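What follows is calculated from the coordinates using simple rules that are stated; it is not laboratory data. Here the structure is a predicted model, which is why all the values come from computation and not from measurement. Here the Cβ is made from the backbone with ideal geometry for all residues, glycine too, and neighbour counts use every protein chain on show.
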Amino acid sequence: MQEADVVKPKKNIGAGRQCTICNQRRAALKRPKTLEQICRECFYVVFEEEIHRVIVDNQLFKPGERIAIGASGGKDSTVLAYVLSELNRRHNYELDLFLLSVDEGITGYRDDSLETVKRNEIQYGLPLKVVSYKELYGWTMDEIVKMIGLKNNCTFCGVFRRQALDRGAALLKVDKLATGHNADDIAETVLLNILRGDIARLSRCTSITTGEDGPIPRCKPFKYTYEKEIVMYAYFKRLDYFSTECIYSPNAYRGFAREFIKDLERIRPSAILDIIKSGEDFRISTSTKMPEQGTCERCGYISSQKWCKACILLEGLNRGLPKLGIGRSRGITTDRSNDMKQSNGIKNIQSKQCGTLDF
Amino acid sequence: MQLTLEFGGGLELLCNSVKIHNVDVDLQSQAGEKLTMKDLLAWVHTNLIKERPEMFMKGDTVRPGVLVLVNDCDWELSGQLDTTLGEKDSVVFISTLHGG
């Protein structure tokens with residue numbers, strides 16, 4: 001190769017292109033949402049301000065509220081914690097923010113990612129609460145896997161995590177739980193719910209706020225935020241996040257949907273927001289039987305059955321019948337176990353760890 | 001050609017958990033042609049990826065969901081596979097596919 005030029009941004013057709021917003025600095029990325037080519041500084045501004053608009057337009061928070069951020073140590077929740085604490089200061093939301101993490105008891109995975117969350121606690125000055133499966137249910141995931149093997153373990157983990165977050169939020173006495181689900185996650189979940197015929201979940205998975213009738217509503221400030229931009233933001237800002245897959249077998253079925261979404265995005269980036277729009281616009285026929293929401297007779301948690309899923313699974317574990325609550329279930333309400341049935345025998349390694357996505 | 005390659009977002013696990021690789025890519029480019037990202041990807045696939053290459057590549061390009069930055073600039077701005085590389089350039093690969 002020839003002598004390197006003195007100036008770094010040389011060659012590369014377009015690498016010297018100007019930012020279409022400020023017209024001054026060199027563009028650093030192409031936004032999937034708008035296809036604009038923008039520089040780092042303008043990217044920070046539009047990225048943060050779009051999230052601010054989403055928060056304001058959808059009235060996600062009220063002044064004085066206590067908000068828990070579901071924090072796994074991964075990219076989405078790390079960026080969410082960073083951006084929310086920034087916006088809270090900049091726009092005077094007057095929120096009390098907390099980090100809430102779940103320790104599933106997975107050696108070599110969660111213990112490491114919790115270290116990341118503990119660093120975030122210091123870096124962002126947000127108090128952290130960790131709730132563990134061991135203290136809530138008496139079992140760690142390591143112990144559960146030892147008993148049931150690597151089949152259906154993600155069902156246990158997903159069901160337990162959802163409740164653990166609610167219980168942690170109750171302990172923190174927060175008004176709401178904010179999660180890092182991004183636009184790609186939501187598009188993926190719309191597809192999954194169609195593939196599973198899960199009408200109840202399809203109709204609520206695109207809601208930016210859910211559970212408003214329950215004890216702790218949840219909201220998704222990143223509903224319209226592309227995963228690409230979250231990762232770029234974390235990279236440019238050098239945010240400290242953890243990115244290892246769970247050691248206990250990822251969710252292959254979700255992985256296929258995920259890969260499909262990424263393939264679509266490459267051809268037409270707007271596909272992600274379009275799928276979310278389609279999900280929002282579904283009209284569920286009035287003759288469709290929807291599950292009735294009640295409470296678990298055993299623990300009082302919301303449930304459409306006599307016992308909630310976590311209690312059924314726990315009963316199985318404690319009685320040495322781990323198959324209890326796994327597999328074909330009554331009606332459309334049953335959950336995440338469905339996807340696990342498909343996943344056996346396929347050695348697939350893509351995708352986020354299963355269970356990260358509670359909808 | 002001296003290049004700095006960085007793997008992040010979990011991709012480092014495919015190359016012995018090493019994130020930053022200072023490499024000397026000795027590819028003979030044909031008849032004065034510049035080294036492109038396409039050439040580099042093939043080289044990385046052969047020389048750095050130790051396991052599960054399907055997590056990194058799909059066909060002759062990176063797998064959808066893997067972000068690429070050349071000198072800290074999104075490669076979608078520089079022609080992706082046709083992006084040309086020069087001495088001391090840095091290339092970053094980040095997977096968006098793991099972890100939430």
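Which log10 I(q)/I(0) values, to two decimals, does the protein assembly as shown give at q = 0.07, 0.09, 0.10 Å⁻¹ under the Debye formula with one point per Cα?
Relative scattering, expressed as log10 I(q)/I(0), comes to -0.37, -0.61, -0.75.
What percent do you get for the relative contact order of chain A when only Cα pairs under 8 Å and 6+ apart count?
It rounds to 18 percent for chain A.
Could you check what % of the DSSP bridge pairs in the protein assembly as shown are antiparallel, to the nearest 5? Write down the numbers at each step before the final one.
Details: 22 of 43 bridges.
Around 50 percent of the beta bridges assigned by DSSP in the protein assembly as shown are antiparallel ones.
I need the GluC sites (Glu not before Pro) found in the stretch A:257-304, filtered to DSSP loop residues with at most 14 other beta carbons within 10 Å of theirs.
Within the stretch A:257-304, the qualifying GluC sites (Glu not before Pro) (loop, at most 14 other Cβ atoms within 10 Å) are A:Glu292, A:Glu297.
Give me the one-decimal nm value for the distance between modelled label points at A:Lys62 and A:Phe260, 7 Å along each residue's Cα-to-Cβ direction.
According to this spin-label approximation, the distance is 4.0 nm.
Relative to the longest principal axis of the C-alpha atoms of chain A, give the angle of the C-alpha long axis of helix A:110-124, reported between 0 and 90° and rounded to the nearest 10°.
That helix lies at roughly 50 degrees to the long axis.
Label points 7 Å out from Cα along the Cβ direction at B:Leu27 and A:Glu115: separation in nm?
3.5
With all pairs of different alpha carbon atoms counted, what Kirkwood hydrodynamic radius in Å does the stretch A:55-282 show? Don't skip to the end; give the middle numbers.
Numbers: mean 1/r = 0.0545 Å⁻¹.
Taking every pair of different Cα atoms in the stretch A:55-282, averaging 1/r and inverting gives 18.4 Å.
Quick check: convex hull of the Cα atoms in the stretch A:171-297, volume per residue, rounded to a whole Å³?
On the way: hull volume 22.0 nm³, N = 127.
Dividing the Cα hull volume of the stretch A:171-297 by its residue count gives 173 Å³.
Which trypsin sites (Lys or Arg not before Pro) in the stretch A:132-188 pass both tests, a DSSP loop state and at most 13 other beta-carbon atoms within 10 Å?
A:Lys173
Considering the alpha-carbon set of chain B alone, what are its Rg and its Dmax in angstrom?
Just the Cα atoms of chain B yield Rg and Dmax of 12.7, 46 Å.
Looking only at A:Thr78, A:Thr209, A:Thr288, which one moves most when chain A is put into a Gaussian network model with springs between Cα atoms under 10 Å?
A:Thr288
So if R0 is 22 Å, what FRET efficiency would A:Glu212 and A:Glu94 give, r being the distance between their Cβ atoms, rounded to the nearest 0.05?
After rounding, the FRET efficiency stands at 0.60.
How far, in nm, would the chain grow between A:Glu297 and A:Arg53 when pulled straight, counting 0.36 nm per residue and subtracting the alpha carbon separation?
83.7 nm
Share of antiparallel DSSP beta bridges in the stretch B:2-95, in percent to the nearest 5?
Numbers: 15 of 21 bridges.
Antiparallel bridges make up about 70 percent of those DSSP assigns within the stretch B:2-95.
Figure the gain on full extension for A:Lys306 and A:Ile247 (residue separation times 0.36 nm, minus the Cα-Cα span) and round it to one decimal in nm. All intermediate terms of the calculation are to be shown ahead of the outcome.
Values: separation 59, 0.36 × 59 = 21.24 nm, distance 3.31 nm.
Full extension of this stretch gives 17.9 nm more.
Who wins for biggest fluctuation among B:Val23, B:Val70, B:Val62 in a Gaussian network model of chain B, springs between alpha carbons below 10 Å?
B:Val23
Of A:Ser132, B:Leu35, B:Val70, whose Cα points farthest to the positive end of the dipole of the protein assembly as shown (charges on the beta-carbon: +1 Lys, Arg; -1 Asp, Glu; origin at the Cα centre)?
Of the candidates, A:Ser132 comes out farthest on the positive side.
Considering only DSSP beta bridges with both partners in the stretch A:55-282, what is the antiparallel share in %, to the nearest 5?
Roughly 10 percent of the beta bridges in the stretch A:55-282 run antiparallel, per DSSP.
Straight-line reach from B:Lys58: which lysines have a Cα under 20 Å away, not including same-chain ones fewer than 8 places off?
A:Lys228, A:Lys262, A:Lys347, A:Lys352, B:Lys38, B:Lys50
Pick from A:Arg119, A:Arg40, A:Arg283: which residue has the top mean-square fluctuation in a GNM of chain A where Cα pairs under 10 Å get a spring?
Among A:Arg119, A:Arg40, A:Arg283, the largest mean-square fluctuation in the Gaussian network model of chain A belongs to A:Arg283.
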